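Read the figures in this text as sums done on the coordinates, not as results from a lab. Here the structure is a predicted model, which means the values were calculated and not measured. Cβ coordinates were reconstructed from backbone atoms using ideal geometry, including for glycine residues, and neighbour counts include every protein chain displayed.
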Amino acid sequence: MTASTHTLPPNTSVTRVMTLVLACLMPGVLVYVWQFGWGIVINLVWASLLALGIEALALRLRGYPLKPFLTDGSAVVTAWLLALSIPPLAPWWMTLVGMIFAIGVAKHLYGGLGQNIFNPAMIGFAVLIISFPVQMTQWSAPLSLAGHAPNFTESLSLIFADTLPDGVNLDAIISATPLDTVRTGLMQQHTLDEIHGASRIFGQIGGVGSEWVAAAYLVGGIALWAFRIVPWQVPVAFLAGIWLTAGFLHWFDTGRYAAPWFQIAMPSSMLGAFFIATDPVSGSTTPKGRLIFGLGAGFLTVIIRAFGGYPDGVAFSILLMNLCVPLIDAWTQPRVFGTAKD
Amino acid sequence: MRTLHRFPGGIHPEEHKAESSARPIHAPFIPNRLFIPMRQHIGQPAKPIVKVGDKVLKGQMIGQADGYVSTAVHASSSGVVTGIGLHAVAHPSGLPDLCITIDTDGHDTWTELQPLDWQSLDPAAVRGYVRDLGIAGLGGAVFPSSIKLDPKNQPIHTLILNGGECEPWITCDDRLMRERAEEVLQGARIMQHLLGAQTVIAGIEDNKPEAIAAMQAAAEKLGLQIEIAAMPTRYPGGGGKQITQTLTGLETPSGKLSTDIGVQVFNVGTAYALARAILHGEPLISRIVTVTGHVLGPQNYETLIGTPMGELVMHAGEREGTTGLIMGGPMMGFDVQPEAPVVKATNCVLVKSAELFPPKPRELPCIRCTECARVCPAQLQPQELYWFARAKNFGKAQEYNLFDCIECGCCSYVCPSHIPLVDYYRFAKSEIWAREKEKHAADIARERHEFRLFRLEREKKEKAERLAAKAQTKKAEAPTLTTDEQDAKKKLIAEALARAQAKKAGVAPKNTDNLTPEQCAEIAEIEARRARIREMAKKTIEPEKHL
Amino acid sequence: MLTAILVMAGIAIVLGAVLGYAALRYKVEGDPLVEKIDAILPQTQCGQCGYPGCKPYATAIAKGEADINKCPPGGEEGVKKLAELLGVEVKPLDAEPKPKAVAFIDENLCIGCTLCIQACPVDAILGAAKQMHTIIASECTGCELCVAPCPVDCISMVVLKEDLPHWKWKYPVFRIKQAA
């Protein structure tokens, strides 16, 4: 007879956790479609199919059963996070390359679900931005600014056949992100005010359209916290890290460093704060550790945005903090009940 | 009103209390055969003091307390002892243990009972009676009450009556407080007297309003200074350390008991049993058991200790599709065989079915979500402990305070990966204990071996000195041993050897043949004593639980 | 050039003096390695390793004369611990580990010769010449050294069965890799 504790039927599962994450991403996705068109939907579906395929292949090669792991939802979450981090009209093969590195390398080569030390989606992103920097800057223009709004079929052929709609120039469809615009402008020795004056991409706080996406991520993120899927420490510390670092730099030189609210209003900041930095597998597990993790990632994000070679720093900052997790966890073990208070 | 404090962690699963709490406590029935284990409490098992064939009366002592941490065991009904040996018992291992079998005669004749004048007696004498009347903690830990009622060096300022009953399904304490509150409080008064506690608080979870009302009414009626506190319903609020914190705000230090900070916690059932014992002289021979789950009539049964659980379930109405029995609740209970008897620790027999308790879903890898850490009442990092236990890295597990785990099962319940976390902690704990025992045995063996070497050396030296002295004095005398004498000695040895070999072949008489009846009796007695000693040599140490 | 040589020589002398002083100041009595190895060995004193006890075997290991896999009572785990302590590769045990057992004297056969008492390395046998002998089971290490000397073969090894007080929680079955 094997004795086993607690016979109560469980009230949760990994599948439930992952499904809730996807559900809380939905507001962001809907606003994304509303502001930027159909491209993102196609890429989300494509990335999900790739993720499941690569996951199945990796499980088969490693001798694991397919059903429990394909239905746990973790591969789809990785797929969505990667798809939402890259340009929505990115060509099909870029998503493929990204997913191979995310699921195949970052997840399964490290032992599969629960074992990866790096966030798989961010590894996929890092590989793409290093390998294909040009394509990674070709973001869809907000529909309100675009010269041509590609419909579903046009988006499909753009992604899978690299074919532009008849008589439409690529520049009518794509545009640089606000962060990219700032960066290019600064390199040309313009001040922030000049850059803001010269481009229509800037909205009320962040970018036209994208600030609404960021707001929708925030709403979904708060829901995720309310469902107790993510702890409050990581997003709060991450956003605080961005705000404090950006605030300090902005105060130091208003002409060169973007305002803290502008930085926070980037969709990547909100996505990173609530959905990526909160990945439990690659993040810190202690309450204090999560504060350190979030603050560090927020700080590094702004540092990379301001001084680094890439337009955005969320992915790299989270990967760097992933590296520090074992140390942070070892340092921040909470007090055990009944042991002396420090 | 007492300010209540909040203990960390905890969960609130579906209560399932209404099933069995609606009906009154059912009167006891007498099974044909009782199996009464000698090991029903923490510490040394009781020593049988009856023989096969003896007639015993209800309430007669059949096993006597052995050592300090021990308590007596009594016949639950009158009848004849028909066996003393191994029988299935309620234990997670499923291994049998020493039980006394009594074939009941159905008369249920009481032995003579002696109520106790507890107020005029010396507390130590009262504790002696408590021990001989077999009182042990009925909340599940079954720690001998006589020890807990001894304040020793640590003065007890607060006595807590634990009516938490935080585990789902179980309602035996609820019904007890509703129906027998007065006796519970009388027991508490005796406890207060023995401990010299200034404050007495009864903590009851607020999902038992009838019990709270009954206890309040009884306290008023008896004119006792006992505070009845309604605690928020949250598992494991009835844990010793948890209820102490909820009611007093005191945090029990790691590795210690609430006793060490001047708080003593007793289950309400123990208080009731103590009142019956002291005021009526009744030993602990029955207890209230919740029979619930997949049965026709879920209800609380006053049950004789030693009643096979399967028989108890039959009384409550067995149903088609039963998949097994759990002793205790669904959080901390464990599977038992239906042949295993009800013991002092049996607060609940939970009957399983596939609908109520479906087989556990497949285990997935840990995703480090730390839900377990959020609900852990000991504020541990269960996910870290799990990795260490799984990797058999026991040193690290201890470093992360494995032994502060109270095995409440909250972590396993909330785990989205459905990992049986507590099973890993139990494995690690028992492995560590076993290793410590082995290490201790090795240390003793080393010491004995080294002493032996030292002794041989010393003997050699002494012999040499003696011989030297002898040689000096007997220099002139003749050699001591003639060849004849040596031959005679050799012959003697050869003869003994031959006799022994013959014996072994079974032809010659053994040294145990041709004995007088007295000698035979003596040998039999020695054999029996040896058997008992062998049993008793197998001590067990188990973690104390108050749930 | 000369200065450099002098400086280097000076440093060498100072460091040498410090090291020499430290060696005297923090001198450890006895050989701690032998003690550490001995602490890992199970102290059955059975001699299955070819040495007359655990301590001699520990000394031999410390000197590098004996291999770490000669102790069957210590089991695979003992070998692992020794390998960890000494920083060497784990080796498979030289012999099959046996289940833990204690000696038992058939008192109907014992002739009281005291040979087993003399053989027992931990004085776990009680008796006197021409008196029946018995094993103190709780002190017996199961070394089997008393079995051979008995002229009437009345000593047998009884394997310890798992019973309730000695039961251990098992390693939970990890079902992740099993098919659904």
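Annotations for the structure displayed:
- Averaged over peptide B:325-335, the number of partner chain Cβ atoms lying within 10 Å of each residue's Cβ comes to 3.
- Reduced Cα scattering model of region B:308-347, Debye log10 I(q)/I(0), q = 0.24, 0.32 Å⁻¹: -0.85, -1.26
- Mean separation of Cα contacts under 8 Å, 6 or more apart, over the residue count of region B:363-451: relative contact order %: 30
- Summarised as an ellipsoid, region C:32-86 has semi-axes of 14, 13, 10 Å, derived from the eigenvalues of the Cα gyration tensor scaled by 5 and square-rooted, with the largest first.
- For chain B, the membrane-span-like helix rule (DSSP H, alpha carbon extent of at least 24 Å along the helix axis, mean Kyte-Doolittle at least -1.0) picks out B:172-195, B:483-505, B:517-536; this says nothing about an actual membrane.
- Derived value for region B:7-91: Kirkwood hydrodynamic radius 15.9 Å. Basis is the mean of 1/r over every pair of different alpha-carbon atoms.
- Quotient of the Cα radius of gyration of chain A and 2.2 N^0.38 Å, N being its number of residues: 1.02.
- Compactness ratio for region A:176-330: Cα radius of gyration over 2.2 N^0.38 Å (N = residue count) comes to 1.03.
- Sorting the segments B:126-139, A:187-200, B:453-466 by their residues' average number of neighbouring beta-carbon atoms within 10 angstrom, most packed first, yields B:126-139, A:187-200, B:453-466.
- For region A:14-175, diffusion coefficient by Stokes-Einstein and Kirkwood Rh (Cα), 37 °C, 0.692 mPa s, µm²/s: 203
- In chain B, helical runs assigned H by DSSP with n ≥ 4 each contribute -39500 (n - 2.57); averaged across all residues and rounded to the nearest 500, the mean residue ellipticity at 222 nm is -12000 deg cm²/dmol.
- Inter-chain Cβ neighbour average for residues B:94-100, partner chain, 10 Å: 3
- Value of D in µm² per second that Stokes-Einstein yields for region B:274-352, Kirkwood Rh from Cα pairs, at 4 °C (1.567 mPa s): 101
- Beta bridges per DSSP with both ends in chain B, % antiparallel, nearest 5: 65
- Along its principal axes, region B:148-215 has C-alpha extents of 38, 23, 16 angstrom, given from the largest down.
- Pairwise FRET efficiency - residue C:26 versus residue A:205, Cβ, R0 = 56 Å, nearest 0.05: 0.30
- A crude spin-label estimate for the pair residue B:5 and residue A:130, with each label 7 Å from Cα along the Cβ direction, gives 5.2 nm.
- Cα point-scatterer Debye curve for region B:286-400, base-10 log of I(q)/I(0) at q = 0.10 Å⁻¹: -0.45
- With 10 Å bins beginning at zero, the pair-distance distribution over Cα atoms of region B:233-318 amounts to 15, 29, 30, 23, 4 %.
- Principal axis extents of the C-alpha atoms in region C:99-160 (largest first, rounded to whole Å): 32, 19, 17.
- Alpha-carbon Rg/Rh ratio, for chain C, with Rh computed the Kirkwood way: 1.22
- Mean projection of the Cα convex hull over all viewing directions, computed for chain B: 35.9 nm².
- Cα point-scatterer Debye curve for region B:363-451, base-10 log of I(q)/I(0) at q = 0.15, 0.26 Å⁻¹: -0.56, -1.28
- Between residue B:458 and residue B:490, the distance separating the two model label sites (each 7 Å from Cα on the Cα→Cβ line) works out to 3.6 nm.
- Amide H to amide H, with H built 1.01 Å from N, residue A:90 comes under 5 Å of no residue 5 or more places away or on another chain.
- Distance between region B:101-145 and region B:343-398 - C-alpha centres, whole angstrom: 37
- Helix C:75-86 and the longest principal axis of the C-alpha atoms of chain C enclose an angle of approximately 20°.
- Counting only DSSP beta bridges whose two residues both lie in the protein assembly as shown, roughly 70 percent are antiparallel.
- Computed from the C-alpha gyration tensor, the three semi-axes of the ellipsoid equivalent to region A:244-311 are 24, 12, 10 Å, from longest to shortest.
- Too-long pairs where the Cα-Cα distance tops 24 Å, listed order kept, from A:67/B:392; B:396/C:161; B:461/C:36; B:489/C:130; B:344/C:100: A:67/B:392; B:396/C:161; B:461/C:36; B:344/C:100
- Residues of region C:66-82 with amide N under 15 Å of a point placed 7 Å along Cα→Cβ from residue B:439: C:78, C:81-82
- Mean per-residue shielding of peptide A:97-103 is 0, counting Cβ atoms of other chains within 10 Å of each Cβ.
- Each pair of Cα atoms in region B:53-183 enters the Kirkwood radius, and Stokes-Einstein at 37 °C and 0.692 mPa s then converts it into a translational diffusion coefficient of 187 µm²/s.
- Overall Cα dimensions of the protein assembly as shown - principal axes, largest extent first, Å: 128, 99, 53
- Highest average packing first - B:403-413, C:47-57, Cβ atoms within 10 Å: B:403-413, C:47-57
- Cα-based Kirkwood hydrodynamic radius, region A:91-187, one decimal, Å: 15.3
- Cα pair count fraction exceeding 17 Å, expressed as % - region B:325-373: 51
- Of the residues B:171, A:216, B:500, the one whose Cα sits farthest towards the positive end of the charge dipole of the protein assembly as shown is B:500 (charges of +1 on Lys and Arg Cβ, -1 on Asp and Glu Cβ, taken about the Cα centre).
- Equivalent ellipsoid semi-axes, region A:119-241, via Cα gyration tensor eigenvalues times 5, rooted, Å: 28, 21, 16
- Using θ = phi - 60° in the Karplus curve 6.51 cos²θ - 1.76 cosθ + 1.60, the 3J(HN,Hα) couplings for region A:313-324 round to x, 4, 4, 5, 5, 5, 4, 5, 6, 3, 4, 8 Hz; x is entered for Gly and Pro.
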